[in-house]
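The values are calculated or read from the model by the stated rules, or taken from the named source; none is laboratory data. Keep in mind the model is a prediction, meaning the values are calculated, not measured. When we count neighbours, we look across all protein chains shown, and the Cβ atoms used for this are built from the backbone with ideal geometry, even at glycine. Note: areas computed on protein heavy atoms with side chains; ligands, DNA, RNA excluded. Shrake-Rupley method; radii C 1.70, N 1.55, O 1.52, S 1.80 Å.
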Amino acid sequence: AAGEGATFAVEENASGALCGCVGLGCEYANRRAELGYWIGTPYWGRGYATEAVRCVVAFGFGYFRLNRIYARHFLSNPASGRVLEKIGLNREGIRREHYFKPGHGFQDVADYGILLREWAEVAHRHLSAE
């Protein structure tokens, strides 16, 4: 409603149960958005994150006409990085001890990003594989 992006529910295929969410926080002046997602533990490893993130990245480039989408993940969660790599985001760097996570201390994060022109190539390869 505020025009700052979009957030979507991720539902389980069979039951329609809520299993997570995915969204984009947009900076329209720079035609970029930060991608964020969360999938509940019982639904890990079932492809929900990859499918949802791929759809929202396509939505961001199409609907919002973005030039760049970026994301980050804790290095302690490599599965999240694999999701980003599977859909074509490139690892751009590491921010050492960038966040303080209560009970876990300072955490390193990996930065990922993809440009519209790169997404066009990724989307073409994905469609060709189907």
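Here is how the numbers come out for the structure above:
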| item | result |
| --- | --- |
| Number of positions in region 48-65 that are out of contact with any Leu (no Cβ under 9 Å at 6 or more places or on another chain) and either surrounded by fewer than 14 Cβ atoms within 10 Å (Cβ to Cβ) or among the hydrophobic types (A, V, I, L, M, F, W, C) (or both) | 6 |
| Hits in region 17-30 (condition: of a type outside the set (A, V, I, L, M, F, W, C), within 12 Å of the chain's Cα centre (by Cα) and open to solvent by 30 Å² or more (accessible area, probe 1.4 Å)) | GLY25 |
| Only one of ALA14, ALA9, ALA33 that is more than 14 Å from the chain's Cα centre (by Cα) and either without any contact (Cβ under 8 Å) to a residue 60 or more places away in the chain or crowded, with 17+ Cβ neighbours inside 10 Å (or both) | ALA14 |
| Search result, residues across region 66-97 that are surrounded by 16 or more Cβ atoms within 10 Å (Cβ to Cβ), among the small types (Gly, Ala, Ser) and part of a strand (DSSP E or B) | ALA71 |
| Pair list, Cβ under 6 Å, 6 or more apart: region 70-98 residue closer than 13 Å to ASP111 by Cβ, other residue among the aromatic types (Phe, Trp, Tyr) and crowded, with 20+ Cβ neighbours inside 10 Å | ALA71/TYR112; LEU84/TYR112; LEU89/TYR112; ARG91/TYR112 |
| Number of the exception - CYS21 against (1) assigned to a strand (DSSP E or B); (2) touching a residue at least 24 places away in the same chain (Cβ under 8 Å) | (2) |
| From HIS104, HIS73, HIS98, residue being modelled with pLDDT of 95 or more and over 27 Å from ARG125 (Cβ atoms) | HIS98 |
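Let's see how each residue does on (1) over 25 Å from ALA120 (Cβ atoms); (2) in contact with a Lys or Arg (Cβ under 6 Å, 6 or more places away or on another chain); (3) at pLDDT below 95:
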position	(1), (2), (3)
ALA9	yes, no, no
VAL22	no, no, no
ILE39	yes, no, no
PRO42	yes, no, yes
ASN67	no, yes, no
